[in-house]
Amino acid sequence: MTTTDERAVPLTAPAPGAPAAEPVPPLTKERPVTLSGRDAYRDELTRLAASDDTIVCLEADLGGKGHPFQAAHPERFFNLGIAEGAMVDMAAGLAAGGHKPFVSTFAPFAALRAAESLKLTLGYLAAGVTVVAPYAGVSGAWFGTTHHCLEDLAILRSVPGVTIAAPYGDAEMRAVVREAVRSGRPHYIRTGRNATYTSLPLPESRSGSELPLVNWEFRAGPDDVCLVSVGEEGTRLALAARRAAPGTAHAHLVYLDHENLTGAATELARHHSRFVVVEEHRGQGGVAEALALLLPEARVTSVSADRSWPAHGGDHEEVMAALGLDLPAVLAAVEKA
């Protein structure tokens, strides 16, 4: 099992048969229509920084040679090396000085290695710092357990005042980044490695900058089971389950902190009473557990990573399946519910 850091690697292809993404003006004429979550973050932040000189970008030696923000705004790009806690502390100082710092490192190093700095900066100080954490879940796969992160939502959801988002696809990531810049609130944004997804269509009443608490991909009757998808892989699996069981309702969540989940739970309860939550996270401290507390009259089933540690390498889906998180598990949960 390897523990080496990844550097620049090619993007994977978009998911086949996915609906069209929200059109976004390109940074360059050559840019693909759909980017992975972390590349959409870099691209969107670079575009926003062109008209907002308070935005600064900090990376923990993971930017590679072609980071667009560094190329466009070198005086506002800082590579702190593998010093994640110091990077968050520096961002707190920049925020106190009137800047809008965005920091990025792998999820296990952000949520676990720099946990104390996150608690103090995002929570106690309520500093306007946004942490963007790729490699969430087991998207690191071959890089081994040191690069997996199935505990970050549990940690960050326990820190009051932090807005937590797990966008699905290019358009959702861009909308979350724009909102983080606009609001100035502490944010933790969870994403994967290099996989690309096309974001779900938004309701007609919503703009590309305003994401609903619950995005209903498909509504069914009140007696039907409702899938609740969280993050990239949870949403991919929920959509696959919808193709296999077409009558199943599907509600997609982007914002996962307590305040936003409380509002989402109220809306979910108006339409359904049986839910199957699909998330690339451990069940303990995950979204299913939170919704079960917020929906005491409902039946909430969790499809998540089990309590074991991956002992063998594999691609992303193989490692997820070894943890009990795959399409057969989702379909079995729907049938049981």
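Taken together, the values in this text are just the output of simple stated rules run on the coordinates, not laboratory data. What you see is a predicted model, and the numbers here were worked out from it, not measured in a lab. Ideal geometry is used to build each Cβ from the backbone, glycine not excepted, and the neighbour counts take in all protein chains shown.
For the range 123-250, the Cβ-based charge dipole about the Cα centre amounts to some 220 debye (Lys, Arg positive; Asp, Glu negative; other atoms uncharged). Listed values for the range 320-337 are Karplus-derived 3J(HN,Hα) couplings in whole Hz (6.51 cos²θ - 1.76 cosθ + 1.60, θ = phi - 60°), namely 4, 4, 5, 8, x, 10, 8, 4, x, 5, 5, 5, 5, 5, 5, 5, 5, 5, and x replaces Gly and Pro. Express the Stokes-Einstein translational diffusion coefficient of the chain in µm² s⁻¹, to the nearest whole number, given a Kirkwood radius over alpha-carbon pairs, 4 °C and a viscosity of 1.567 mPa s. Answer, rounded: 65 µm²/s.
Counting only DSSP beta bridges with both residues in the chain, the antiparallel share comes to about 15 percent. Scoring 310-316, 170-176 by mean Cβ neighbours within 10 Å over their residues and listing the highest first yields 170-176, 310-316. Beta-bridge orientation, the range 197-256: approximately 40 percent antiparallel, per DSSP, counting only bridges with both partners inside.
How far is the Cα center of the range 106-134 from the Cα center of the range 179-243, in Å? Taking the Cα centre of the range 179-243 as reference, the centre of the range 106-134 is 23 Å away. Report for the range 66-221 the percent antiparallel among DSSP-assigned beta bridges with both residues inside it, nearest 5. The answer is about 10 percent antiparallel. Once the Cα-Cα distance is subtracted from the 0.36 nm per residue extended length, the E204 to Y124 segment shows a gain of 25.0 nm.
Less than 16 Å from a label point 7 Å out along the Cα-to-Cβ axis of L112: which backbone N atoms in the range 119-152 qualify, by residue? Answer for this model: 133-152. Separation of the range 146-173 and the range 274-337, taken as the distance between their Cα centroids, equals 16 angstrom.
For the range 295-303, the Karplus equation 6.51 cos²θ - 1.76 cosθ + 1.60, evaluated at θ = phi - 60°, returns couplings of 10, x, 8, 9, 9, 10, 10, 9, 10 Hz by residue, with Gly and Pro reported as x.
Extension gain for A83-A50 works out to 9.1 nm (0.36 nm per residue, less the C-alpha to C-alpha distance).
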